[in-house]
Amino acid sequence: MTAQISALNGTAETDPASPVTARPVIAKPGGPLRGTVKVPGDKSISHRAVMFGGLAVGETRILDVLTGEDVVRTAEAFRALGASVDMEADGSWRVRGVGIGGLTEPANVLDMGNSGTAARLLLGVLAGHGITAFLTGDGSLRKRPMNRVTVPLALMGAQFTTRSGGRLPLAITGKDEPVPIEYELPVASAQVKSAVLLAGLAARGATTVIEPQATRDHTERLLRHFGATVTVEELETGGRRITVTGQPELTAPKQPIRVPADPSSAGFPVVAALIAEGSEISLPSIGLNETRTGLYTSLQEMGADIVIANRRDEGGEPVGDFTVKTSALKGIEVPPERAPSMIDEYPILAVAAAYAEGKTVMRGIHELRVKESDRLAAVAALLRENGVTVEDGDDWMIVHGTGGSNGQGVPGGGTVETHLDHRIAMSALVLGHAAQNPVRIDDGNAIGTSFPGFIELMNGLGADISTD
Ligand code: S3P
């Protein structure tokens with residue numbers, strides 16, 4: 001028995017004419033967190049597994065795929081482009097692809113919801129197809145810059161009409177055989193790197209991306225898994241030079257792809273356990289790709305008791321099992337060069353920092369301003385609203401911790417604006433669990449984009465989070 005994957009559960013607002021009703025949520029101060037929980041599949045890998053399956057010849061099976069709204073948007077877009085994506089009764093996904101260059105013109109606008117990854121990677125794929133498509137997104141995605149991908153993709157021959165500032169909605173007309181380029185990324189972005197490499201799949205010859213700092217490399221790993229030739233040269237500067245050979249035959253892997261649990265999503269229960277007295281939790285099969293684990297390096301430097309056992313490889317990605325115990329944290333200075341490996345984790349690191357002794361300094365984080373919200377501003381507001389002292393500037397933030405022997409803890413009591421940003425919403429609820437007073441968020445709908453079942457999972461561990 002299979003089902004088409006279209007069950008959007010009404011998460012982030014998309015159509016301004018019929019916005020989804022806001023769902024305020026409250027986290028009441030709670031006790032210790034205890035138990036073993038399974039964190040949903042990695043968002044970045046889930047998007048890519050569906051996309052590459054849609055471009056491959058044959059049938060790809062994917063296990064533990066994230067069923068959050070972001071990945072459902074990718075699945076729906078690929079269905080609208082001629083691939084087939086179905087969910088089996090056992091929860092696995094089955095993707096039947098059309099081969100590189102085989103996607104067909106969609107009859108309607110492709111709505112990418114809240115997902116920058118879905119939108120930007122899809123633009124790379126479409127740049128290698130001689131068809132026209134129209135893309136839009138929700139109120140958050142329509143504010144985010146798309147010119148970081150349209151600029152290199154235009155060099156490869158794609159044509160774009162965008163809203164002012166290079167924003168969605170936009171129209172793209174791709175090319176069946178785009179021009180292979182060598183492109184040096186102006187910002188450390190795995191989405192831009194991936195968009196260029198995906199367009200390069202349709203080009204004749206080699207397409208190269210030079211990245212100033214290593215960013216998550218799931219595209220490189222998974223493309224190889226589907227049979228593409230991707231070479232990676234480590235540069236002395238810490239960056240990488242990545243080359244894809246165009247026009248390979250992508251083939252569905254014989255074995256199902258098992259998606260590791262998302263290390264970014266795991267950050268929320270991990271930090272909650274670190275800051276809630278008397279906690280001990282276990283999280284199996286968390287992705288440990290070193291381009292993603294900066295949060296855990298930082299937390300361990302702060303004194304976090306996180307034990308990672310049973311390190312192994314699953315489907316070309318390293319994973320391990322976490323055990324986390326409440327810890328007395330100390331503030332640190334996070335090295336700016338660590339930013340790409342924890343770019344989505346600054347909001348939850350800032351929550352940990354609020355409970356630490358001393359100050360935590362985060363620099364080189366300008367990219368936070370162009371995420372699902374302006375996260376630098378949103379995190380500073382989240383903490384201040386709940387009685388934590390924060391200093392911030394264009395690309396830096398300093399959180400003054402409330403912990404230590406003289407610390408009073410985080411007062412809480414505030415209401416946090418989430419700006420359609422799942423990570424701001426979850427960070428605020430984690431802050432509230434260990435605070436002296438409840439913390440409210442204006443809207444919990446966006447949580448479903450990356451972490452369906454977050455509230456139930458946290459309550460299963462002992463939290464007290466409910467609709468307000
Ligand atoms: C992602 C890359 C990162 C990250 C995003 C997912 C990806 O964005 O913030 O959540 O899957 O490639 P940038 O590429 O903009 O850094």
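Filter the strands (runs of 3 or more DSSP E) completely within the stretch 46-98 down to those with at least 3 residues that are at pLDDT 95 or above and surrounded by fewer than 24 Cβ atoms within 10 Å (Cβ to Cβ).
Hits in the stretch 46-98: 59-63.
Out of 281, 308, 332, 348, report the one residue that is surrounded by fewer than 23 Cβ atoms within 10 Å (Cβ to Cβ), of a type in the set (A, V, I, L, M, F, W, C) and under 22 Å from residue 428 (Cα atoms).
Within the list 281, 308, 332, 348, the selection yields 332.
On the given criteria, is residue 207 open to solvent by less than 30 Å² (accessible area, probe 1.4 Å), assigned to a loop (DSSP other than H, G, I, E, B) and of a type in the set (S, T, N, Q)?
Against the criterion (open to solvent by less than 30 Å² (accessible area, probe 1.4 Å), assigned to a loop (DSSP other than H, G, I, E, B) and of a type in the set (S, T, N, Q)), residue 207 does not qualify.
Would it be correct to say that residue 51 is away from the ligand (no atom under 16 Å from the Cβ) and either at negative phi or touching a Pro at 6+ places or on another chain (Cβ under 7 Å) (or both)?
It is false that residue 51 is away from the ligand (no atom under 16 Å from the Cβ) and either at negative phi or touching a Pro at 6+ places or on another chain (Cβ under 7 Å) (or both).
So, of the residues in the stretch 212-246 that are of a type in the set (S, T, N, Q) and open to solvent by 60 Å² or more (accessible area, probe 1.4 Å), which turns out to be nearest to the ligand (Cβ to nearest atom)?
Filtering the stretch 212-246 for residues that are of a type in the set (S, T, N, Q) and open to solvent by 60 Å² or more (accessible area, probe 1.4 Å), the one nearest to the ligand (Cβ to nearest atom) comes out as 213.
Mind checking which residues of the stretch 17-48 are within 16 Å of the ligand (Cβ to nearest atom) and on the phi > 0 side of the Ramachandran plot?
Those that are within 16 Å of the ligand (Cβ to nearest atom) and on the phi > 0 side of the Ramachandran plot: none in the stretch 17-48.
Considering only the stretch 191-204, how many residues are within 15 Å of the ligand (Cβ to nearest atom) and open to solvent by 10 Å² or more (accessible area, probe 1.4 Å)?
Of the residues in the stretch 191-204, 1 are within 15 Å of the ligand (Cβ to nearest atom) and open to solvent by 10 Å² or more (accessible area, probe 1.4 Å).
What's the number of the condition residue 14 fails, among (1) at pLDDT 95 or above; (2) under 23 Å from the mean Cα position of the chain (by Cα)?
So residue 14 meets the others, but not (1).
Only one residue in 331, 387, 364, 358 is more than 16 Å from the ligand (Cβ to nearest atom), out of contact with any His (no Cβ under 9 Å at 6 or more places or on another chain) and of a type outside the set (D, E, K, R). Which one?
Of 331, 387, 364, 358, the one residue that is more than 16 Å from the ligand (Cβ to nearest atom), out of contact with any His (no Cβ under 9 Å at 6 or more places or on another chain) and of a type outside the set (D, E, K, R) is 387.
Please go through the stretch 160-186 and give me each residue that is under 30 Å from residue 237 (Cα atoms), in a loop (DSSP other than H, G, I, E, B) and either touching a Pro at 6+ places or on another chain (Cβ under 8 Å) or in contact (Cβ under 8 Å) with a residue 60 or more places away in the chain (or both), ordered by number.
180, 181, 185
Scan 185, 168 and give me the residue that is in contact with a Gly (Cβ under 7 Å, 6 or more places away or on another chain) and within 16 Å of the ligand (Cβ to nearest atom).
168
Can you name every residue in the stretch 107-124 that is part of a helix (DSSP H, G or I) and in contact with a Gly (Cβ under 8 Å, 6 or more places away or on another chain)?
119
For the stretch 422-468: of the residues being in a loop (DSSP other than H, G, I, E, B) and among the polar types (S, T, N, Q), which is nearest to residue 26 (Cα to Cα)?
Among those residues, the one meeting the criterion is 436.
The values are calculated or read from the model by the stated rules, or taken from the named source; none is laboratory data. What you see is a predicted model; the values in this text were computed from it and never measured. Every residue, glycine as well, gets a Cβ built from its backbone with ideal geometry; the counts of neighbours run over all protein chains shown. Heavy atoms of the whole protein, side chains included, go into the accessibility calculation; ligands, DNA and RNA do not. Shrake-Rupley method; radii C 1.70, N 1.55, O 1.52, S 1.80 Å.
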